[in-house]
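> Dropping the structure in here first, questions after.
The values are calculated or read from the model by the stated rules, or taken from the named source; none is laboratory data. Computed from a predicted structure; not experimentally measured. Every residue, glycine among them, receives a Cβ derived from its backbone with ideal geometry; neighbour counts consider all protein chains shown.
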Amino acid sequence: MSAADERMRRWRLVLGGGPADGTGVGLEGVDARMDAALAAVYDQGGEGGGGGDRRQGGLGASAPRVARWLGDIRTYFPSTVVQVMQKDAIEKLNLTRLLLEPEMLEAVEPDVHLVGTLLALNKVMPDQARESARALVRRVVAELERRLAQKTRAAVSGALDRSARTHRPKRVADIDWDRTIRANLKNYLPDRNTVVPSRLVGYARRQRSVQREVVLCIDQSGSMAASVVYSSVFGAVLASMRSLRTSLVVFDTAVVDLTDQLHDPVEVLFGTQLGGGTDINRAVAYCQGLITRPANSIFVLVSDLYEGGIRQEMLRRVAAMTQAGVQVIVLLALSDEGAPFYDHDNAAALAAMGVPAFACTPDAFPDLMAAAIERRDITQWAERHLAR
């Protein structure tokens, strides 16, 4: 096939066929089956090869038909494309209820967005589908832990070590020679070709006790589903580190403390209830009570900041935490999608009191925690992160 023919073939698959697409290309074999799979979600009529100006889905409400379609797309497309098509099918064709069928859960490609959908259905899920759903969620969580756990532990451990520096190291082995030399370059003696260290920089002896308190406060409204999934994984990883005392709190109009389940992020996820209203003020008030050492505490609020509670009280509580020495960070999202819709007035009010509010990707979160532990300027960190 020539390069020109291949381009026309690709355009035919994109445009969906019909006299208006202008390609004049017919499809056979695998191409025809790929086209039918795409048409089921994106083309008018949903039967493949359909034309028309308006695109709408056509899988219908048949679980067997959807299961076959899921099998087809996994055959013809890479997993990243499969996940996008699944998400579009669920949203465009209202297939949510079909996810309660065990055979459907066994056919889908697991991803974070699918987990969010399942968690929203948790309370209405029949018993025969619950175990399949748990297995799927566990697969996603295991993959996220594989991707993120080591990086998080390394970043946090390194930050704790760096934050424990001292100018009076007790042993020669505790001296950080690289930083000591850098700190004393002004004392360089050219005639002797050496640096005279007037100030030592070293490591304090490693502490076995808790060095930082971390409180993750997670908005579990429906729009925050992906953030809830990632937060549960990070919460479990941080809770496994002895130098940290980690708490995880989720909220809507009520507040639920899931700290005692952090050993198993799957249990954490099934302890959430996506959807409903939002009372940030009540959640912040509860989290204030968890903090015992403000100067050594990090409070991370993950929320779109749409407050259904008492706004001014919420802002006063955050201000009081920062004045007490708590490192307060507000994440509008903890996901790969970037910033969602959020309350700009509340974000601006927080920024005015020195509390940055921004979206953070999961891959950047370990470095964010390291910056917080070292008490770096989080606003500057966020500006550099967003500029990348």
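> Within the range 185-195, is even one residue at pLDDT 75 or above, closer than 30 Å to Ala89 by Cα and part of a helix (DSSP H, G or I)?
No, the range 185-195 contains no residue that is at pLDDT 75 or above, closer than 30 Å to Ala89 by Cα and part of a helix (DSSP H, G or I).
> Ala351 fails exactly one of the following numbered conditions: (1) touching a Leu at 6+ places or on another chain (Cβ under 9 Å); (2) closer than 24 Å to Ser221 by Cα; (3) in a helix (DSSP H, G or I). What is the number of that condition?
(1)
> Going by what's in this entry, would Lys123 be described as part of a helix (DSSP H, G or I) and closer than 24 Å to Leu334 by Cβ?
Here the answer is yes, as Lys123 does meet what is asked.
> Next up: Filter the range 250-280 down to residues that are over 17 Å from Val300 (Cβ atoms) and assigned to a helix (DSSP H, G or I), then give me how many there are.
Of the residues in the range 250-280, 6 are over 17 Å from Val300 (Cβ atoms) and assigned to a helix (DSSP H, G or I).
> Shifting gears a bit: Given the residues Ala155, Ala129, which is the only one that is assigned by TED's automatic domain parsing to the domain that holds Val214, in contact with an Asp or Glu (Cβ under 8 Å, 6 or more places away or on another chain) and in contact (Cβ under 8 Å) with a residue 12 or more places away in the chain?
On inspection, the qualifying residue turns out to be Ala155.
> Can you give me the number of residues within the range 330-349 that are crowded, with 22+ Cβ neighbours inside 10 Å and of a type in the set (A, V, I, L, M)?
So the answer is 5.
> Please identify the pairs in which a residue from the range 341-362 that is within 20 Å of Tyr230 (Cα to Cα) has its Cβ atom under 6 Å from the Cβ atom of a residue that is assigned to a loop (DSSP other than H, G, I, E, B) and of a type outside the set (A, V, I, L, M, F, W, C), counting only partners at least 6 apart or on another chain.
Note: pairs meeting the criteria are Tyr342/Asp304; Ala359/Gly338; Thr361/Asp336.
> Mind checking which pairs have a first residue in the range 236-262 that is under 21 Å from Tyr306 (Cβ atoms) and a second that is among the basic types (Lys, Arg) and surrounded by 16 or more Cβ atoms within 10 Å (Cβ to Cβ), Cβ under 6 Å, 6 or more apart or different chains?
Val255/Arg282
> From Leu160, Leu121, grab the single residue that is of a type in the set (A, V, I, L, M, F, W, C), more than 20 Å from Arg212 (Cα to Cα) and surrounded by 14 or more Cβ atoms within 10 Å (Cβ to Cβ).
Leu121
> Being without any contact (Cβ under 8 Å) to a residue 24 or more places away in the chain and farther than 15 Å from Val249 by Cβ is the filter; apply it to the range 280-319 and report the residue that is surrounded by the most Cβ atoms within 10 Å (Cβ to Cβ).
Among those that are without any contact (Cβ under 8 Å) to a residue 24 or more places away in the chain and farther than 15 Å from Val249 by Cβ, it is Arg316.
> Pull up the range 308-324, narrow it to residues that are in a loop (DSSP other than H, G, I, E, B) and at pLDDT 95 or above, then point me to the one that is nearest to Thr379 (Cα to Cα).
Result: Ala324.
> Sticking with this structure for a sec: Taking the range 243-277 as the search range and keeping residues that are of a type in the set (Val, Ile, Thr) and touching an Asp or Glu at 6+ places or on another chain (Cβ under 6 Å), which one is modelled with the lowest pLDDT?
Taking the candidates together, the pick is Thr253.
> Let me ask something additional. Inside the range 141-154, can you point out the residues that are under 17 Å from the mean Cα position of the chain (by Cα) and among the small types (Gly, Ala, Ser)?
Matches in the range 141-154: Ala142, Ala149.
> Just for the range 248-264: of the residues that are closer than 22 Å to Arg147 by Cα and not hydrophobic (A, V, I, L, M, F, W, C), which one is surrounded by the fewest Cβ atoms within 10 Å (Cβ to Cβ)?
Per the criteria, the residue is His263.
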